[in-house]
1. Using the Kirkwood radius over Cα pairs, work out the Stokes-Einstein diffusion coefficient for segment 38-97 at 4 °C and 1.567 mPa s, in µm²/s as a whole number.
2. Taking the Cβ of F160 as the center, what net charge do the other residues with Cβ under 12 Å away carry, scoring Lys and Arg +1 and Asp and Glu -1?
3. Along Cα→Cβ, 7 Å out, is where each label goes; now give me the distance between the ones at Q7 and E78 in nm to one decimal.
4. Over the alpha-carbon set of segment 1-105, work out the extent along each principal axis and list the three values in angstrom, largest first.
5. With the crude spin-label approximation of a point 7 Å out along Cα→Cβ, what separation in nm comes out for H62 versus R155?
6. Excluding F77 itself, calculate the net charge of residues whose Cβ lies under 14 Å from the Cβ of F77, where each Lys or Arg counts +1 and each Asp or Glu counts -1.
7. Starting from the Cα-Cα distance between N97 and M124, subtract it from 0.36 nm times their residue separation and give me the gain in nm to one decimal.
8. Only four residue types carry charge here, +1 at the Cβ of Lys and Arg and -1 at the Cβ of Asp and Glu. Report the dipole size of segment 21-103 about the Cα centre in Debye, rounded to the nearest 20.
Amino acid sequence: MEDSSVQWKKISQGPYEVSNDSRIRRFDVVDEESGEIKEFKPLKMYRSEDGTISVNIVNYQHKVQKLQFARLVAEAFEIPNPMGYRYIGYTDGDKRNCAPNNLHWTPYRNLNVASRSGVAIKCMETGKVYPSKYALAKEVGVSITRVRQCLKENRPLRGFNYVVYSSQRGE
């Protein structure tokens, strides 16, 4: 029995679905009358040389394609890409975490948010720690530039004060 919080979305490249908990499956048998999918087969994923997760699929033209799994998830779950960026970034810096809420579009190849910002950010009022400046910007709904300015000038952001958090490990 499948967890009710798991969502499956079809991808455009072939008869496959991706889930919000980082799985992919092929649907093989479709009931002609109802259009209902009767049989699924999970696919094996691979770690690419750059550390991202890849999957081999057979597209609608019967050609094998090696695709970046995170891109399939971002496209299927319609992660907003208003700037038309080409690459996928990982908010927590973990290229194995392809959950839709961890993905965003970026103009940079192989540059995750955690390594780009290099620091965690802590809200002084709530005590909440954000893994990166980008994660804070995304949650608060402001640009990364605005976050950087507020941190540099020690100004509040949306009524809260944030500081660079020196340790994510509680040292």
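The values are calculated or read from the model by the stated rules, or taken from the named source; none is laboratory data. What you are looking at is a predicted structure, and each value in this text was computed from that prediction instead of being measured. A quick note on method: Cβ atoms are made from the backbone with ideal geometry, for glycine too, and the neighbour counts reach across all protein chains shown. Side chains are part of the model used for accessible areas, which takes the heavy atoms of the whole protein and leaves out ligands, DNA and RNA. Shrake-Rupley method; radii C 1.70, N 1.55, O 1.52, S 1.80 Å.
1. Numbers: Rh = 13.2 Å.
D, rounded to a whole number, is 98 µm²/s.
2. Values: positive: K122, K128, R155, R158; negative: E125, E139.
So the surrounding residues net to +2.
3. Those two pseudo-labels are separated by 1.0 nm.
4. 43, 33, 27
5. My value for the distance between the label points is 6.2 nm.
6. Working: positive: K9, K10, R23, R71; negative: E17, D21, E75, E78.
Neighbour charge sum, excluding F77 itself: 0.
7. Values: separation 27, 0.36 × 27 = 9.72 nm, distance 2.80 nm.
Fully extending the segment from N97 to M124 adds 6.9 nm.
8. On the way: 13 positive and 13 negative charges, 99 e Å.
Taking the Cα centre of segment 21-103 as origin, the dipole is about 480 debye.
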